[in-house]
Amino acid sequence: MASKQLMTKMNEGLADELQVSIQYMWQHVMWKGVKGFAIKDELKKIAVEEMKHAEAIAERLTYLGGMPTTKPEPIFVGKTLKDMMTTDKKDEEGAIKLYKQVIEMAEKEGDVVSKKLFEGILADEEEHHDLFSSLLEEI
Ligand SMILES: [Fe+2]
Ligand SMILES: [Fe+2]
């Protein structure tokens, strides 16, 4: 089935998903001001999407015989909207880079289902990245 190396990469992605699902949900909870009001619902929606990514990756890892991590990467909530959006944009960039690697590795190993899974997740991350980038221009 999948190589150890590929499963390690998938677990790195899972740790990132756990991190941002909490991070975005807490940014949603701690919104302030007019600009915060404008994006609070969107942050919640994205937080839920990230948790669904975490679930899907954990299920795939379990199927492949791996052990899905329960440990998120360090969570950064931030105090100002600018801090939040700057960090969130960077985190999405990290996810995009990582998932491109996962897709490439899965393709090389003939793991069609993992490849397809991460292509779908990658498309979501690009949407998130687009949103955070646009919001950052307005802050
Ligand atoms: Fe995600
Ligand atoms: Fe994302």
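The values are calculated or read from the model by the stated rules, or taken from the named source; none is laboratory data. Being a predicted model, the structure only gives us computed values, none of them experimental. Positions of Cβ are backbone-derived with ideal geometry, glycine not excepted, and every protein chain shown enters the neighbour counts. The area values use the complete protein model at the heavy-atom level, side chains included, leaving out ligands, DNA and RNA. Shrake-Rupley method; radii C 1.70, N 1.55, O 1.52, S 1.80 Å.
In this structure, is residue 117 crowded, with 20+ Cβ neighbours inside 10 Å, in a helix (DSSP H, G or I) and without any contact (Cβ under 8 Å) to a residue 40 or more places away in the chain? Taking the combined requirement at face value, the residue does not satisfy it.
Of the residues examined, residue 112 is one that is open to solvent by 90 Å² or more (accessible area, probe 1.4 Å), more than 12 Å from ligand 1 (Cβ to nearest atom) and modelled with pLDDT of 95 or more.
Residue-by-condition table, conditions (1) more than 10 Å from ligand 2 (Cβ to nearest atom); (2) among the aliphatic types (A, V, I, L, M):
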residue: 83; (1), (2): yes, no
residue: 86; (1), (2): yes, no
residue: 92; (1), (2): no, no
residue: 95; (1), (2): no, yes
residue: 98; (1), (2): yes, yes
residue: 107; (1), (2): yes, no
residue: 110; (1), (2): yes, no
residue: 114; (1), (2): yes, no
residue: 127; (1), (2): no, no
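Hey, does segment 7-27 have a residue that's touching a helix residue (DSSP H, G or I) at 6+ places or on another chain (Cβ under 8 Å), surrounded by 17 or more Cβ atoms within 10 Å (Cβ to Cβ), at pLDDT below 95 and within 19 Å of residue 134 (Cα to Cα)? Checking segment 7-27: not a single residue is touching a helix residue (DSSP H, G or I) at 6+ places or on another chain (Cβ under 8 Å), surrounded by 17 or more Cβ atoms within 10 Å (Cβ to Cβ), at pLDDT below 95 and within 19 Å of residue 134 (Cα to Cα).
For segment 35-76, filtered to residues that are away from ligand 1 (no atom under 16 Å from the Cβ) and open to solvent by less than 30 Å² (accessible area, probe 1.4 Å), the residue that is nearest to residue 115 (Cα to Cα) is 64. Looking only at segment 34-57, filter to residues that are among the aliphatic types (A, V, I, L, M) and within 12 Å of ligand 2 (Cβ to nearest atom); which one of those is nearest to residue 126 (Cα to Cα)? So, considering only residues that are among the aliphatic types (A, V, I, L, M) and within 12 Å of ligand 2 (Cβ to nearest atom), the one nearest to residue 126 (Cα to Cα) is 46. Going by what's in this entry, would residue 79 be described as outside any helix (DSSP H, G or I) and free of Cβ contacts under 8 Å to residues at least 40 places away in the same chain? Yes; evaluated as a whole, the condition is true for this residue. Scanning segment 120-139 for residues that are open to solvent by 80 Å² or more (accessible area, probe 1.4 Å) and among the β-branched types (Val, Ile, Thr) yields nothing. Beta carbons closer than 7 Å, at least 6 apart along the sequence or on distinct chains, pair a first residue in segment 125-139 that is in a helix (DSSP H, G or I) and of a type in the set (Asp, Glu) with a second that is open to solvent by less than 30 Å² (accessible area, probe 1.4 Å) and modelled with pLDDT of 90 or more for 125/92; 125/95; 125/96; 125/99; 126/96. Among the residues making up segment 19-39, a single one is part of a helix (DSSP H, G or I) and of a type in the set (D, E, K, R): 35.
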